Amino acid sequence: MKKKTILTVLGTWLALAISFSPTVAGTADGAATVTGRVQNVVTGQYLNNARISVRGTDLVAFTDQTGAYRLPQVPAGKVVLEVFYTGLDPQAASLDLAVSQPAVKDFDLTSEARYGEGGVLKLDSFAVTASRETDGAAIAINEQRFS
């Protein structure tokens, strides 16, 4: 009987601990979690140590080696995320966060000064031609030279 009571008390404490844990419960009241990745869109590489901040707050996160970041406890409502990486143009994005709802925001950074405006570069059309006579003449000269 004593074992059953101890197990019941331990189970209750465990359930309470899990329900109040920020990693399991997600976020506190009035807050949300924002996750995502930051990529150099020109090279295709995900960026390590890009700085993501929430404008008007002290909330800051840095990306890991895979370009992933996580901002917990972001106030719900309209927020602006700002991302910065040295050598690339800073970027800002507005989000409307719901309470206790996770949000995902990925960033594609570039540098207009280094790479141009971005997008696809379209070249004028061109044609590649070959002349059989020229190729035949080159073959004949080469055969005469080495015979």
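Can you confirm whether residue 71 is over 29 Å from residue 30 (Cβ atoms) and either open to solvent by less than 60 Å² (accessible area, probe 1.4 Å) or in contact with a Pro (Cβ under 8 Å, 6 or more places away or on another chain) (or both)? Quick ask: steps written out before the conclusion?
Details: over 29 Å from residue 30 (Cβ atoms): no; either open to solvent by less than 60 Å² (accessible area, probe 1.4 Å) or in contact with a Pro (Cβ under 8 Å, 6 or more places away or on another chain) (or both): yes.
So residue 71 fails the test.
Applying the selection to segment 68-95, what residues are outside any strand (DSSP E or B) and of a type in the set (Asp, Glu)?
Of everything in segment 68-95, just one residue is outside any strand (DSSP E or B) and of a type in the set (Asp, Glu), namely 89.
So which residues in segment 78-96 are among the small types (Gly, Ala, Ser) and within 10 Å of residue 107 (Cβ to Cβ), if there are any at all?
Those that are among the small types (Gly, Ala, Ser) and within 10 Å of residue 107 (Cβ to Cβ): 92, 93.
From 90, 102, which residue is surrounded by fewer than 18 Cβ atoms within 10 Å (Cβ to Cβ) and within 11 Å of residue 35 (Cβ to Cβ)?
Exactly one residue qualifies, and that residue is 102.
Yes/no per residue for (1) among the polar types (S, T, N, Q); (2) surrounded by 16 or more Cβ atoms within 10 Å (Cβ to Cβ); (3) touching a Cys at 6+ places or on another chain (Cβ under 9 Å); (4) modelled with pLDDT under 90:
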position: 14; (1), (2), (3), (4): no, no, no, yes
position: 24; (1), (2), (3), (4): no, no, no, yes
position: 29; (1), (2), (3), (4): no, no, no, yes
position: 41; (1), (2), (3), (4): no, no, no, yes
position: 48; (1), (2), (3), (4): yes, no, no, no
position: 53; (1), (2), (3), (4): yes, yes, no, no
position: 56; (1), (2), (3), (4): no, no, no, no
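The values are calculated or read from the model by the stated rules, or taken from the named source; none is laboratory data. Every value quoted in this text rests on a predicted model; they were computed, and no experiment measured them. All Cβ positions, glycine included, derive from the backbone under ideal geometry; neighbour counts span all protein chains shown. Accessible surface is based on the protein model in full, side chains and every heavy atom, while ligands, DNA and RNA are left aside. Shrake-Rupley method; radii C 1.70, N 1.55, O 1.52, S 1.80 Å.
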